[in-house]
């Protein structure tokens, strides 16, 4: 675990985990308020990208007849798994990257 504090006063691993525990609210708040910790900024960006994509997928699945409910349930299970995995890694202080969201978040972080 990292001993560093984010600019909001929390240990950076706690702030990063909050980005996943409260996906949209936490991601937006820490993206707006964080000025110092690249770790927290990375996890807030990755959280917003991953959960945004999962939300779009869930909505689109709801539009499909017959297999839509099954697909929506599968996306919900994936979302829950991502939530658990990323909260765990953030609390451990790991820069764990999701396959595409992590790459995009990393590129955006270089621009900040």
### Task
Please state which of the following conditions residue 20 fails to meet, knowing it meets all the rest: (1) out of contact with any strand residue (DSSP E or B) (no Cβ under 9 Å at 6 or more places or on another chain); (2) over 18 Å from residue 106 (Cα atoms).
(2)
### Summary
residue 93 meets each of (1) crowded, with 16+ Cβ neighbours inside 10 Å; (2) under 13 Å from the mean Cα position of the chain (by Cα); (3) outside any helix (DSSP H, G or I) with one exception, condition (2)
### Query
For region 49-66, which residues satisfy the criterion of being more than 25 Å from residue 18 (Cα to Cα) and touching a helix residue (DSSP H, G or I) at 6+ places or on another chain (Cβ under 8 Å)?
61, 62, 64
#### Entry: So residue 69, is it loosely packed, with under 14 Cβ neighbours inside 10 Å, part of a helix (DSSP H, G or I) and at pLDDT below 95
yes
### Message
Would you confirm, using the coordinates I've provided, whether residue 21 is in contact with a helix residue (DSSP H, G or I) (Cβ under 9 Å, 6 or more places away or on another chain), surrounded by 15 or more Cβ atoms within 10 Å (Cβ to Cβ) and more than 18 Å from residue 94 (Cβ to Cβ)?
### Response
no
### Task
Report yes if residue 32 is in contact with a helix residue (DSSP H, G or I) (Cβ under 6 Å, 6 or more places away or on another chain) and either under 16 Å from residue 85 (Cα atoms) or surrounded by fewer than 22 Cβ atoms within 10 Å (Cβ to Cβ) (or both), otherwise no.
no
### Summary
Listed by first then second residue, the pairs whose first member lies in region 58-69 and is over 17 Å from residue 80 (Cβ atoms), whose partner is modelled with pLDDT under 90, with beta carbons under 6 Å and at least 6 positions apart or on separate chains, are 68/62
## Note on the structure
Exception for residue 14 within (1) without any contact (Cβ under 8 Å) to a residue 24 or more places away in the chain; (2) surrounded by 15 or more Cβ atoms within 10 Å (Cβ to Cβ); (3) out of contact with any helix residue (DSSP H, G or I) (no Cβ under 7 Å at 6 or more places or on another chain) falls at (1)
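The values are calculated or read from the model by the stated rules, or taken from the named source; none is laboratory data. Keep in mind that this is a model prediction, so the values were computed, not measured. Neighbour counts are summed over all protein chains in view; Cβ atoms, including those assigned to glycine, are modelled from backbone coordinates with ideal geometry.
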